[in-house]
Amino acid sequence: MLATLVIFLREGVEASMIIAILLAYLNRIGRREHFRDVFLGVGAALILATAGGAVAYFTIRSYDGSRVQTIFETVTYLVAATVLTYMTFWMRNHARSLSSELRARTDAALDGRARWGLGLLAFQAVGREGLETVVFTLAIIFSTSAAGALTGAVIGLIGALGIAFVIYRLGHRLNLARFFTVIGVLLMVFAAGLLADSVQNLQELGWLPVLDAPMWHSASVLSEDSAFGDVLHSFFGYSDAPTPLQLLVYVGYLAVVIVVYLGIRGRLTARANRQQAAA
């Protein structure tokens, strides 16, 4: 539940922040009649993402317990971890210029066929986040219970919509940079867990027969199948019988990406301070 809550909160805030910026800009220039076009694009993107996720989930569930399912889950884990890492760094590098870029694209859409242009802009923004969320949710559902994952998703989505409303009303007075920094670190912890799960699957498939002997067995103390163990496994990658390679991948990934991520954060902050001082 915790993993999907953070995923839907983060992805929901990013998507709804984009829509909030679009709506706020249209309102400022007196073009509220195009709100409907933006919402049509959002609706189409949500329908596409939901339908795609449902088809993927029920298709792979038909292979429940088979080698095919394990392979599909492994690919999903690897794709989700890669996309999570990429989008976290992308948002860090583009957060400051996102608003101006969206205003420029909105102006370009208004110069042409505004209805289709704005609808497509909203569709692209929400569709990208929606497809990413589908991949992440599938990865979580495969490694935890579907009911807990969906509960976290609903809570995260409600929180994201609340934050989006505040963004629309208060605009730049919110410290979104700090929000995305904290959420970014949490998501990289989640990505590390996905990588550890993928290593476990690859070793079970016999495709990675290296350092595959479990270092300990802690199921008697805290099983992955217990309620708390399920939360720890789905978000932090907890395993009650981890192999040395799982641990090396988990720790190595976190050591590299968090140092690089926070280093980029520090450089961007220092650059912004120098620009403000020069101005």
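For region 49-79, give me the residue count where each residue is within 19 Å of the chain's Cα centre (by Cα) and not in a helix (DSSP H, G or I).
Final tally of qualifying residues: 0.
For Thr76, only one of the following conditions fails: (1) among the hydroxyl-bearing types (Ser, Thr, Tyr); (2) surrounded by fewer than 20 Cβ atoms within 10 Å (Cβ to Cβ); (3) at pLDDT 80 or above. What is its number?
The number of the failed condition is (2).
Against the condition assigned to a helix (DSSP H, G or I), open to solvent by less than 30 Å² (accessible area, probe 1.4 Å), in contact (Cβ under 8 Å) with a residue 12 or more places away in the chain and among the small types (Gly, Ala, Ser), how does Ala44 come out, does it pass?
In short, no.
With the requirement that a residue be in contact with a Leu (Cβ under 8 Å, 6 or more places away or on another chain), of a type in the set (A, V, I, L, M) and under 26 Å from Phe89 (Cα atoms), what does region 206-260 give you?
The answer is Val231, Leu232, Leu245, Leu248, Val249.
Which of (1) at pLDDT 80 or above; (2) crowded, with 16+ Cβ neighbours inside 10 Å; (3) touching a Phe, Trp or Tyr at 6+ places or on another chain (Cβ under 9 Å) is the odd one out, the single condition Ala95 does not satisfy?
The failed condition is (1).
I'd like the residue in region 30-41 that is open to solvent by 30 Å² or more (accessible area, probe 1.4 Å) and in contact (Cβ under 8 Å) with a residue 60 or more places away in the chain and, out of all such residues, is nearest to Arg178 (Cα to Cα).
Phe39
Looking at Leu5 and the list (1) open to solvent by 10 Å² or more (accessible area, probe 1.4 Å); (2) at pLDDT 85 or above; (3) closer than 14 Å to Ile140 by Cα, which single condition is not satisfied?
Unmet condition: (2).
Name the residue that is nearest to Phe8 (Cα to Cα), counting only residues in region 211-249 that are assigned to a helix (DSSP H, G or I) and polar (S, T, N, Q).
Applying the first criterion (assigned to a helix (DSSP H, G or I)) to region 211-249 yields 227-236, 244-249.
Narrowing the set further to residues that are polar (S, T, N, Q) leaves 234, 246.
Values: Ser234: 14, Gln246: 26 Å.
Of everything passing the filter in region 211-249, Ser234 is nearest to Phe8 (Cα to Cα).
Among the residues of region 56-74, write down those that are in contact (Cβ under 8 Å) with a residue 40 or more places away in the chain and either over 21 Å from Val199 (Cβ atoms) or touching a His at 6+ places or on another chain (Cβ under 7 Å) (or both).
Residues satisfying the conditions are Ala56, Tyr57.
The values are calculated or read from the model by the stated rules, or taken from the named source; none is laboratory data. Everything numeric here is computed off the predicted structure, so don't read it as measured data. A quick note on method: Cβ atoms are made from the backbone with ideal geometry, for glycine too, and the neighbour counts reach across all protein chains shown. These accessible areas exclude ligands, DNA and RNA; they are computed on the full protein's heavy atoms, side chains included. Shrake-Rupley method; radii C 1.70, N 1.55, O 1.52, S 1.80 Å.
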